[in-house]
């Protein structure tokens, strides 16, 4: 049994099923976007395909994969991961 | 933090010198001797975490950590019973190495006997000096049948004021095979040379930390 799992930074990424659970609100803003900011970028079709495929293979949403990538890059540059 | 908990930071500005390998093997050797060992993986590449997942979480346990959280995690792990902690750090990251060095009782700087590695090792030594910690250069990945190369490197380290661990860990293929299989060299080939070297390094580390080399023996006595 794990003794130190509570000390890990890593939060479980949301699965595709969890991502599907968020249903739109009446005003048209999905609950998953309330109080959140969009971060977007323009990349090559190869990068887009690679990211979508990677997310799919690991049973994650693209958003979950991006959140993991952002946390990794924060750690790389000595910042604390935000994890959400 | 409990004074019983011993923390070893493994730092080097160079990549591929065996930081993760030694963090894993020292912790595994400690676990084998009855310590409650923990590896804090502060490298974003998360190789130690990956190794742990390959062995289905069998001890020693591995947790990840952002640099800013290393100190808090060592403290909490100590409260939760950890007695032997190794911290694996990434290359090219002064902030992470500094955070690890700051909380450590002993710093190991793995270094291959090559000019580039020896130059990078100077940077790591300077960093450790800033925190006034006990640091030893650990010569790794040299050719197993050419002791002269390591002897020359040893001399060079001494010339710049560094201390060299008397145990050297030469390049051995079994380290790669064991890691890829989520195991340690001691688990794959307990009577092999690599396992002996790991055991010698662990015993030497215990001596530096004034630790008993085997809690199992103490418990039986």
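Assign one of three labels to the stretch B:77-221, namely rounded, prolate or oblate, based on the Cα gyration tensor with a ≥ b ≥ c the square roots of its eigenvalues; rounded applies when a/c is under 1.5, prolate when it is not and a/b is larger than b/c, and oblate otherwise. Oblate, because a/c is 1.5 or more while a/b does not exceed b/c.
With neighbour counts taken as other beta-carbon atoms within 10 Å, the residues B:94, B:56, B:152 rank, fewest first, as B:56, B:152, B:94. Structure remark: mean-square fluctuation, Gaussian network model of chain B, C-alpha springs under 10 Å; the largest value among B:147, B:110, B:91 belongs to B:147. The simple spin-label model puts a point 7 Å past each Cα toward its Cβ; for residue A:62 and residue B:155 those points are separated by 6.1 nm. Taking 7 Å steps out from each Cα toward its Cβ at residue A:48 and residue B:76 produces label points 4.0 nm apart.
Working from Cα pairs under 8 Å separated by at least six residues, relative contact order for the stretch B:1-148 is 34 percent. Stokes-Einstein diffusion for the stretch B:111-152, with the hydrodynamic radius set to the Kirkwood value over Cα pairs and evaluated at 10 °C in a medium of 1.306 mPa s, equals 141 µm²/s. Over the stretch B:109-221, what relative contact order in percent results from Cα pairs under 8 Å that are six or more residues apart? For the stretch B:109-221, the relative contact order is 19 percent.
Compute the FRET efficiency between residue B:200 and residue A:69 as 1/(1 + (r/R0)^6), taking r as their Cβ-Cβ distance and R0 = 41 Å, and round to the nearest 0.05. Please list the in-between numbers first.
Numbers: r = 41 Å, r/R0 = 1.00.
Once the sixth-power term is evaluated, E becomes 0.50.
With the cut-off at 1.5 for a/c, could you classify the stretch B:90-133 from its C-alpha gyration tensor as rounded, prolate or oblate? Prolate, since a/c reaches 1.5 and a/b exceeds b/c.
A Gaussian network model of chain B, with springs between Cα atoms under 10 Å, assigns the largest mean-square fluctuation among B:100, B:29, B:68 to B:68. Here is the P(r) of the stretch B:12-132: all C-alpha pair distances, binned every 10 Å from 0, give 14, 46, 33, 7, 0 in whole percents.
So what is the calculated 222 nm ellipticity per residue for chain B, using -39500 (n - 2.57) for each DSSP H run with n of 4 or more, over all residues, to the nearest 500 deg cm²/dmol?
Numbers: 10 runs with 104 residues, N = 221.
After summing the helix terms and dividing by residue count, I get -14000 deg cm²/dmol.
Note: the stretch B:85-166, Cα convex hull, 95 Å³ per residue.
Among B:102, B:129, B:61, which one shows the highest mean-square fluctuation when chain B is modelled as a Gaussian network with alpha-carbon springs under 10 Å? Result: B:129 has the largest fluctuation of those listed.
Run the numbers for residue B:145 and residue B:191: contour at 0.36 nm per residue of separation, minus the present Cα-Cα distance, in nm. Before the final figure, lay out the partial values.
Values: separation 46, 0.36 × 46 = 16.56 nm, distance 1.91 nm.
My answer for the length gained is 14.6 nm.
State whether the stretch B:24-79 is rounded, prolate or oblate according to the following rule on the C-alpha gyration tensor (a ≥ b ≥ c being the square roots of its eigenvalues): a/c under 1.5 gives rounded; otherwise a/b larger than b/c gives prolate, and the remaining case gives oblate. Oblate is the answer for the stretch B:24-79, as a/c is 1.5 or above yet b/c matches or exceeds a/b. Shown for B:136, B:204: other C-beta atoms within 10 Å of each C-beta, ranked fewest to most, produce the order B:204, B:136.
Averaged across the residues of B:64-73, what count of C-beta atoms belonging to other chains lies within 10 Å of each residue's C-beta?
Values: counts 7, 7, 9, 5, 5, 5, 0, 0, 1, 4.
Mean shielding by partner chains, rounded to a whole number: 4.
Exposure proxy shown here: for B:11, B:128, B:107, A:34, the number of other Cβ atoms within 10 Å sets the order, fewest to most, as A:34, B:128, B:107, B:11.
FYI, it's all coordinate maths here, none of it is from the lab. What you see is a predicted model, and the numbers here were worked out from it, not measured in a lab. Using ideal geometry, Cβ is built from the backbone for each residue, glycine included, and neighbour counts are taken over all protein chains shown.
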